[in-house]
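One structure is given below, encoded as structure tokens.
The values are calculated or read from the model by the stated rules, or taken from the named source; none is laboratory data. Quick caveat, the model's predicted, so the values are computed rather than measured. We place every Cβ from the backbone using ideal geometry, glycine too, and count neighbours over all the protein chains shown. Remember, those area values only see protein heavy atoms, side chains included, never the ligands or the DNA or RNA. Shrake-Rupley method; radii C 1.70, N 1.55, O 1.52, S 1.80 Å.
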Amino acid sequence: MGEWGLTRSYGVVLRVGRLGPRVMHHLLRRIPAGVPVTVLRVPGHPLVIPDERCRVLEGDTVDAAGLAALARDMAVPALLLCSDDGLIALPASPPPASTDVGVVRLLPVIGPLYRLDRADRLDRPEHYFGPVLLPVGALPACVGDAPVPLDRWIGHHVVLRAVGAGLPVANLPAGGLVLPSLAQASGADQHRGRMAARDLLALAGGAQSDAFAVLDEAPDDGEDRTRAAKRAIDAALSRLTNRLAAALAPFIPPDQRARPLPPQGRLGILKLDSIGDSVLLTSFLRTLRPWFGGEIGLMAGARVRDLVTRDPRIDRTLLVPVRLPWLAPDEATAWLEATIDQAVAFLQGVDATIIPRLMPDYYLANHLAVLAGVPRRYGLTSPRMPDLTRFNAAFTAMMTDVVTIPAPCHEVEVMGALMRAVSGGGAVPTSSEPRCDIHLDEVDRATAWTTVPPMAGRTLVALGLGASTGRRRWPVDQVVTAARTLAGRHDLMFALLGGTDVAGDAAAIAQALGSRAHNLAGRLDLRKSAAVLERAALYIGNDSGLMHMAAAVAVPVVEISCHPLTAPDNHENAPRRFGPVGVPHRIVRPATPADPACAQGCVSRHTAHCITGVSPAEVVAAAETLLASTPLSASLVEYS
């Protein structure tokens, strides 16, 4: 922050309409004690703030006279205006002159500026004007006498009026607190955003009246004319933003180059995503633990309890309920409100957090680290990942140490780059080739032998049936065809593995395979599933946590991927990024997309689409290649 922030050089005026009271409590703790705060509470919001330095007022609009009165009450010469449906950030230093308007800028913004419809996204990054610091003398020119919504557009509104009035506007680098909005322009946010965008474009002389008239008539019908209207408004806002940005000094991003950590102290790893990601994390732990002599804590989703709580490299864990990535702001804010107290307690006294996720931070790990006040926050980004450059910019701005991955590569290579950055190159990998592992004990292995009893002369093959999204799930009838063909040519037994969500599919496959199938779907925890996988000669299945578990226990893998051969390697479904590692494997993929919309990667979420282009014959050929080239161990995989 700098000392200027501790001398009542400014006060904060913060509109709150979405963040809950627990999150607000921790947010206020991140604002230095010398900075007074006034909260504008949206009517109907249940927020109560037990902070003696913070006053709470009803409303969500501001005008010059009201703000001047607030400045007098707080005894400050300037006010920082921000809203929890945009960006909350404190400046790291004041403007060059006390009379300048200051604006916190991020480049680029998360998605399009207006974001009426999540499907209507601009393909290029735009500037974003966040919180603004206004000297009292600039209030009449920059805010005016009429009430102005204190929302995500306040930066645009103030900069537009300041530029028009010829006032100097300075860029303010963000300080230790950066908290991007969880609002995504849905419901009430969508209506309020539409009204604010209408007023802003009218003020700028680009009213887009016809486009707004279409949305007033049918804002959510999904028709072509509605989408065209939204795109027209987004484009107008982008032109306005670029015009304003051109009038200011160039934006200079903060220096977030990763610096090495000392090999002792307290680390907190935040890994809240899926089962497969937790398995891939072990490639990082295998190198981190021998190098780092301090405490390693792991915050993870409750669904990976069996994998992480008995890992000897982890000193303490916090497990929380986590859904698959959400996009609904109400769900995200409710989860953050329910989780924040225990997360802050877990991270208390931690010297640095590491967020090993090269994808958008849908799990809000950066929010947790910032609100907990962790001084060093390591994370990842890449200029070659469109989802990161378009949707994760504000999350990346929350990090203090950013490791940049220049080109698409496998997740274990990403973990290696992260480890080199954290250790300054001092950590030595424990093996010449990256690999993952799962720590099993004899109880797990004994359960596996009991669950799948030996049968003379037959070899065990594991079939993985589940996946996090429907597009990754190979259809049941094709699984049956491939398994029957293999069973007819080889003396095999099949273990059907997956969660309760695939119980119906597993029952149908088990019925088709008869006595050659052990239906274990929904019956085993993750460790017991890993022990069964360890005894198999081969894994055949989807891109899933089970696939990564099979590789981690050294079982050859046939991956059935939904990612077309012609699609790029920077997609989240690309085997180049998330394929099996450390074992013999074959990856079977559709030759071409199922339709042109899937040129970059399959767009279906809930149903099999591109993956249906993988034939049973291709899977059988891949399986037979591995079965022929992989020696069978009598103690593990061959039934006799």
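Per DSSP helix of 4 or more residues, -39500 (n - 2.57); summed, then divided by the residues of the chain. What does that give at 222 nm, rounded to the nearest 500?
-10500 deg cm²/dmol
Sorted by accessible area (1.4 Å probe), largest first, how do I587, I269 line up? Mind showing how you got there, number by number?
Details: I587 65, I269 0 Å².
Ranked from most to least accessible, the order is I587, I269.
Given a Förster distance of 51 Å, report the FRET efficiency between R227 and T625 from their Cβ-Cβ distance, rounded to the nearest 0.05.
Working: r = 47 Å, r/R0 = 0.93.
Computed FRET efficiency for R227 and T625: 0.60.
Quick check: net charge around G504, other residues with Cβ under 15 Å of its Cβ, Lys/Arg +1 and Asp/Glu -1? If you can, show how the numbers build up before the last one.
Numbers: positive: R473, R523; negative: D477, D501, D505.
Charge balance near G504 sits at -1.
Taking 0.36 nm per residue of sequence separation and subtracting the Cα-Cα distance, how much length would be gained by fully extending the chain between A599 and T566, in nm to one decimal? It would help to have the intermediate numbers written out before the result.
Details: separation 33, 0.36 × 33 = 11.88 nm, distance 0.74 nm.
Working it through step by step, the gained length comes to 11.1 nm.
So for segment 442-629, averaging the separation of alpha carbon pairs under 8 Å that are six or more residues apart and normalising by length, what relative contact order in percent results? It would help to have the intermediate numbers written out before the result.
Values: 384 pairs, mean separation 46.2, N = 188.
Here the relative contact order equals 25 percent.
Could you tell me the calculated FRET efficiency between S93 and T61, based on Cβ-Cβ distance and R0 = 41 angstrom, to the nearest 0.05?
On the way: r = 29 Å, r/R0 = 0.72.
That gives a FRET efficiency of 0.90.
Send over a whole-number figure in Å² for the accessible area per residue of the chain, probe 1.4 Å.
Values: 24240 Å² over 640 residues.
For the chain, the per-residue accessible area is 38 Å².
Within 10 Å of each candidate Cβ there may be at most 15 other Cβ atoms; applying that plus a DSSP loop requirement, which trypsin sites (Lys or Arg not before Pro) in segment 257-350 survive?
Working: sites: R257, R266, K271, R286, R303, R305, R310, R313, R316, R323; in loops: R310, R313, R323.
The qualifying sites are R310, R323.
For labels at D387 and A75 in the simple 7 Å Cα→Cβ model, what's the distance in nm?
5.1
Using a 1.4 Å probe on the protein heavy atoms, what percent of the accessible area of segment 213-317 belongs to carbon and sulfur?
Details: 2420 of 4580 Å².
Carbon-and-sulfur percentage of accessible area, whole number: 53.
At a 1.4 Å probe radius, carbon and sulfur cover how many percent of the accessible area of segment 11-165?
Details: 3040 of 5430 Å².
After summing per-atom areas, the C and S share lands at 56 percent.
When only C-alpha pairs under 8 Å and at least 6 residues apart count, what is the relative contact order of segment 11-165, in percent? Intermediate results must be reported in sequence, preceding the final value.
Details: 268 pairs, mean separation 40.4, N = 155.
Reported as a whole number, the value is 26 percent.
Using the Cβ atoms and a cut-off under 14 Å, what net charge is assigned to the surroundings of H563, where Lys and Arg are +1 and Asp and Glu are -1?
+2
Among 525-532, 483-490, 579-586, how do they line up by average Cβ neighbours within 10 Å per residue, starting with the highest?
Per-residue mean Cβ counts within 10 Å order the peptides as 525-532, 579-586, 483-490.
If you add up the charges near R303, with Lys and Arg at +1 and Asp and Glu at -1, over every other residue whose beta carbon is less than 14 angstrom from its beta carbon, what do you get? Before the final figure, lay out each step's value.
Working: positive: K271, R305, R323, R527; negative: D273, D277, D306, D501, D525.
So the surrounding residues net to -1.
Take the alpha carbon gyration tensor of segment 11-165, find the square roots of its eigenvalues, order them as a ≥ b ≥ c, and report rounded if a/c is under 1.5; if not, report prolate when a/b exceeds b/c, else oblate.
Working: a/c = 1.55, a/b = 1.13, b/c = 1.38.
In terms of gyration-tensor shape, oblate.
Can you pull the one-decimal nm distance between simple spin-label points at A68 and T485, each 7 Å off the Cα toward Cβ?
According to this spin-label approximation, the distance is 8.1 nm.
Roughly speaking, to the nearest percent, how much of segment 371-523's 1.4 Å accessible area is carbon and sulfur?
Working: 3200 of 6040 Å².
With neighbouring chains kept in place, the figure for segment 371-523 is 53 percent.
Averaging sequence separations of C-alpha pairs under 8 Å and six or more residues apart, then dividing by the length of the chain, give the relative contact order as a whole percent.
Details: 1335 pairs, mean separation 69.3, N = 640.
Relative contact order, the chain: 11 percent.
Order the peptides 436-442, 353-359, 53-59 from the highest to the lowest mean number of other Cβ atoms within 10 Å of their residues.
Details: 436-442: 17.7, 353-359: 24.4, 53-59: 13.6.
Put in order of decreasing packing, that is 353-359, 436-442, 53-59.
Mind listing the long-range amide H neighbours of L90? Cut-off is under 5 Å, sequence gap 5 or more, other chains count too, H placed in the peptide plane at 1.01 Å from N.
Excluding prolines and chain starts, which carry no amide H, the hits are G175, L177.
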